[in-house]
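For reference, the structure is listed below as structure tokens.
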Amino acid sequence: MVGQVIFIIILLGAAYLFGRNVAKVRRNILLGRDTDRSDRPAGRWAIMAKVALGQTKMVKRPTAAVMHFFIYVGFVIINLEVLEIMIDGIFGSHRIFSKPLGSLYGLLIGGFEVLALLVLVSCVVFMARRNILKLKRFTSAEMTTWPKSDANYILVIEILLMTAFLTMNAADYKLQLLHFGHYATAGSFPVSDMIAPLLPSGAGALVAIERGCWWFHIIGILAFLNYLPYSKHFHILLAFPNVYYSNLQPKGEFSNMASVTNEVKAMLDPSFVPEPAGVSLFGAKDVTDLTWKNLMEAYTCTECGRCTSVCPANITGKLLSPRKIMMDTRDRLVEVGNNIDKHGKDYTDDKTLLDNYITREELWACTTCNACVEACPVNINPLEIITEMRRYVVMEESQAPASLNNMFGNMENNGAPWKYSQADRLNWAEKE
Amino acid sequence: MEQTIPTMAQMAAEGKEPEILFWVGCAGSFDERAQKITRDICKILHHVGMSYAVLGTEESCTGDPAKRAGNEFLFQMQAMVNIEVLNGYNIKKIVTGCPHCFNTIRNEYPGLGGTYDVIHHTQLIQSLIDEGKLKAEGGESFKGRKITFHDPCYLGRANNVYEAPRAALEILDTELVEMKRCKSNGLCCGAGGAQMFKEPEPGKKEINDERMLDVIQTGASIIASGCPFCMTMLTDGVKHMEKEQEIMVMDIAEITVRANGL
């Protein structure tokens, strides 16, 4: 009874804290400008099923894809077991599904165990790739102390949770064989029966191990849930809405700024009466000038670095890293959100995403080749943020590199990026 | 050139409408190497007897480099003026000699009032091959030569056109070899996003030199592409690597013209 009360208190506390943090993330995302992504719902469900649920963009790197798939399927399916743990915790029952499901239960537990082992092995391999093999993707410049630790914490927590789960089952299995108390026979335990010989044989010790692991496992899961909003691991939730709200247009299509269209139309046609538009900046100087979708992407990014590893600028040693663009956007957004929490919603510090986080050198290194956009397994678009910031630098500050200002001048004067007269545009026809 | 190049102004004066407008682009109009490709595209159009015209001195930059560089004002100014000209001539179908023009007119002009059926010249060549109007005969044989195709970003990733340029190479009976980074994984030549018009930011190497490693690995003697900016970057890359004797950079249109002896 006491156990049940403690369990319910912990469960409610964890749910409350998680809800509060998610609400905060949602508020931060909605600090962004509006953009309409409500069109074509059928297409959006389809792309979500394909890219988020089906993970089709992961396969470009097969090793990571296979192991990630184990962890992903493990996470989703083992959660069925967590459902049972929740019910047992609340009602003080033990393996409540075992009787009604009969032999199917044994099959399920067997399946969970195999998955748990695959998750465990995958996490160990992932840790080795990061810490022993030191893959370039995981050790580059923006992978400073926190992102590196964050990745390791996630993997360690998953390893501990799976170990606790399997140890719990092993103890349970041993108790079942002893026909001890309420530990009724509940199918086979293909993985944990290999651990079972390592455990003590006394019933008291086994119950202590089984209960200890049970509590560790469920408290661990609830704690991990509350770690998510602070971590790159938040992608397990946001990947789905983020892909749903993907850009469905061709990647080469950059948005036409409606605010500019108004002014250009007024310039070309003095009788044109522009629709009244709210006063806002051209482009983005800070995170609040980006769209909510850009900001959602920043929270969705799991820092895998596939974008950076295919970025032509980054490959050739330039400062630009698309992953850093996303990480900076999130870091700055969290900072803006914390400022609101501390000082109220009208507070502004003297920092901005531009210059304090992302430098101009990074922005001007981009070739707009879309390799980063193509590479992202969850359809994040760092290029859009880069373009918005270029727009701010060029249209609000007139601070384009001198050579680009020359190009603009040529285009204005003679309709070509070079200094050739428009009257000479057909000269090619006279040659050869 | 042997044939005269029809302009829209002349056609309109004669009360005629061409089947397709050939949008030449700035590089195609002014860059010496790209001018040759422009003439080759005209040769192909002439060869198959397609009625076409160019805007000539009425054409102006699409605004692509301004837009990628963040100058949306200048882009929309260019776009609106061009759309006025195009709509004025009642243009329905456009073929471009440049993936950047292709992308901009196809994807970004509709929102500003200019909706046309836009194709890239490699798509035109593919459809002419499919229709049986264009073959690979009567000209230079490419048989047995190793050719690799460099995907221009604004044709490939930006618009998912991967097969058309390859179809133009496949009828040559050559050995088409793919680079390690090809199609949706293709590596940029380094010119996009207005980089063509500025010095690269500081780094360890040039992007086109990085791309040359992929090319050399294939052992190809011809790099084919379909973009005047890629053309410049790849040609420079070949020079940097001192491979001018072994590797040629050619546009799909040039290869088609040579294969047909036009």
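List of remarks:
- Each residue, A:Ser188 and B:Lys93, gets one label point 7 Å from its Cα in the Cβ direction; the gap between the two is 6.6 nm.
- Förster radius 45 Å - calculated FRET efficiency between A:Met267 and A:Leu135, Cβ distance, rounded to 0.05: 0.30
- Surface/4 estimate of mean projected area, convex hull on alpha-carbon atoms of the protein assembly as shown, nm²: 36.5 nm²
- In degrees, nearest ten, helix A:103-131 long axis to first principal axis of chain A (Cα): 50 degrees
- Principal axis box of region B:57-116, alpha-carbon based, largest edge first, Å: 30, 24, 20
- In terms of overall dimensions, region B:8-126 has a Cα radius of gyration and Dmax of 13.7, 41 angstrom.
- Per-residue ellipticity at 222 nm, computed for chain B from helices alone with -39500 (n - 2.57) per DSSP H run of at least four residues, works out to -11500 deg cm²/dmol.
- Computed over the Cα atoms of chain B, pair by distinct pair, the Kirkwood hydrodynamic radius stands at 18.8 angstrom.
- For B:Trp23, the amide hydrogen comes within under 5 Å of the amide hydrogens of B:Val95, B:Thr96, B:Gly97, counting only partners 5 or more places away or on other chains and with H modelled in the peptide plane.
- Summing Lys and Arg as +1 and Asp and Glu as -1 over all other residues whose Cβ lies under 14 Å from the Cβ of A:Leu225 gives a net charge of 0.
- Other residues within the sphere of radius under 10 Å centred on the Cβ of A:Gln422, judged by their own Cβ, net out at -2 (K and R +1, D and E -1).
- Region B:201-262 versus region A:380-432: alpha-carbon centroid distance in Å: 24 Å
- Rg to Rh, two decimals, where region A:258-416 supplies the alpha carbon set and Rh follows Kirkwood: 1.01
- Value at 222 nm in deg cm²/dmol, rounded to 500, when DSSP H runs of n ≥ 4 in chain A each add -39,500 (n - 2.57): -19500 deg cm²/dmol
- Taking a ≥ b ≥ c as the square roots of the eigenvalues of the alpha carbon gyration tensor, region A:13-93 is oblate, as a/c is not under 1.5 and a/b does not beat b/c.
- Distant-in-sequence amide H partners of A:Arg33 (H built 1.01 Å from N, under 5 Å): A:Leu290, A:Thr291, A:Trp292
- Each Lys or Arg adds one and each Asp or Glu takes one away; over the other residues whose Cβ falls under 15 Å from the Cβ of A:Leu178, this sums to -2.
- In terms of overall dimensions, the C-alpha atoms belonging to region B:135-259 reach 48, 33, 24 Å along their principal axes, ordered largest to smallest.
- Cα centroid separation - region A:8-25 against region A:264-343, whole Å: 30 Å
Just so you know, all these numbers are worked out from the coordinates, no wet-lab data involved. Model, not experiment: these values are computed from the prediction. As a convention, Cβ positions derive from the backbone with ideal geometry for all residues, glycine included, and neighbour counts pool all protein chains shown.
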